[in-house]
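Data block below; observations after.
The values are calculated or read from the model by the stated rules, or taken from the named source; none is laboratory data. The structure displayed is predicted, hence computed values, not measured ones. Quick reminder, even Gly has a Cβ in these numbers, built from the backbone with ideal geometry, and neighbours come from all protein chains shown. Side chains included, ligands, DNA and RNA excluded: accessible areas come from the protein's heavy atoms. Shrake-Rupley method; radii C 1.70, N 1.55, O 1.52, S 1.80 Å.
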Amino acid sequence: MRSLLTAATISLAFTLFLTPLFIRLFERLGWGQVIRTPEDGNIPRHQAKRGTPTMGGVVFITGTIVGYFVGTFTGGAPPTASGLLVIWMMVGLGVVGFIDDFMKVRQQRSLGLSGWRKIVGQVLVAVPFGILALNFPNRYGETPATAHVSFFRDIPALSFLALGVVVGWIVYLVWVSFISVAWSNATNLTDGLDGLATGSGIFTISALSLVTFWQFQQRCMSGALVDSYAGACYPTRDPMDLTIIAASFVGALVGFLWWNAPKAKIFMGDVGSLAIGGVIAAMSILSRTELLAVIIAGVFIIGPGSVILQRYYFKATGGKRLFLMSPFHHHLEMRGWPEITIVVRMWIIAGMLAVTGVGLFYVAWLAAL
């Protein structure tokens, strides 16, 4: 518990007090946000945001790493394979986003990496994660991840290795890559208004940390586990360490939100939004809650869902639009909603979905008793 509190506090303090220094540094480096013109399909009032320092994801990624390692080493709970795998996904996808952001800033255009190049980068991060996640068993034979599809826990009937070793591994890595690409792009599309992705990420990752903390309390190898609860225990490899890295990430996001809330002094950029998606993907895979994450992180599905609906409706109707603009939060802007109203209401939705997901997780535990 001391590691958990220390990690969250250090990460919070890092981003809360040091973000102004990063803002000044990014201004000197010329890392200002590039905004599309109204002629290119952007909302006119967003032009006022041009030049605001971007790539702020570097700040909370760094804060998370500092908080996590300080917390684990000073708290007597050294880092585990699971915690390091979350960091791998966070940093790896953050690097993909950084390359995209840097290309935009350097060329002073709103176009960075092409869609397929970005996906290739995301897959190159996800595949090593998937391979490593099925290694490093502890003394009980538990690996960070399993080759099962999971909801509240692994679904025994849905094992990729049942297809054979070679085919099973291929399908498993495709599954991990799909989850990673889907969540990182979903968070990227949600990052369109000041504080929207940051606040939503706080609710989502906090909920996932509650899930892993409960798994720690009800872990199968716990000597303190009540006999009547044994049938509902969780074989998650390192639930407490997953809780620590999640708490560290949330702390870093909270401190960053102080400067990212409307009117933002700094934007997270793709480096930040892809990193948030990476943490959601890694936490859901390592906590065996991949399908449950669709509910917990459901706020991040609204944006890409609206983009998909817009595209198919446009094709099906020969050019008509379902929304004034997609993603959906821009549609609300076009309808005249103030930005702060959209952001706060999306936070409310994020909170309700996160609470719903945790509640369903608890009900499933009760049902397993």
Of all stretches in the chain that avoid trypsin sites (Lys or Arg not before Pro) placed in a DSSP loop and having at most 16 other Cβ atoms within 10 Å, the longest is 140-262
What is the helix-to-structure angle for 2-29, meaning the angle in degrees between its Cα long axis and the longest Cα principal axis of the chain, kept from 0 to 90 and rounded to the nearest 10? 20 degrees
Taking the chain and dividing mean pair separation by its residue count, relative contact order in percent (alpha carbons under 8 Å, at least six apart): 26 percent
Tell me the angle of helix 57-74 to the major Cα principal axis of the chain, expressed in degrees between 0 and 90 and rounded to the nearest ten. 20 degrees
Residues of segment 74-123: accessible area per residue with a 1.4 Å probe, Å²: 50 Å²
Could you work out the per residue convex hull volume over the alpha carbons of segment 150-285, in cubic angstrom? 115 Å³
Students often forget the sequence filter, so: which lysines lie under 16 Å Cα-Cα from residue 263 once same-chain residues fewer than 8 apart are removed? 49
Projected-area mean, the chain, by convex hull of Cα positions, square nanometres: 19.0 nm²
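Percent of accessible area on the chain owned by carbon and sulfur, 1.4 Å probe?
Summing carbon and sulfur atoms, their accessible area is 69 percent of the total for the chain.
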Gap in Å between the Cα centre of segment 126-177 and the Cα centre of segment 208-279? 20 Å
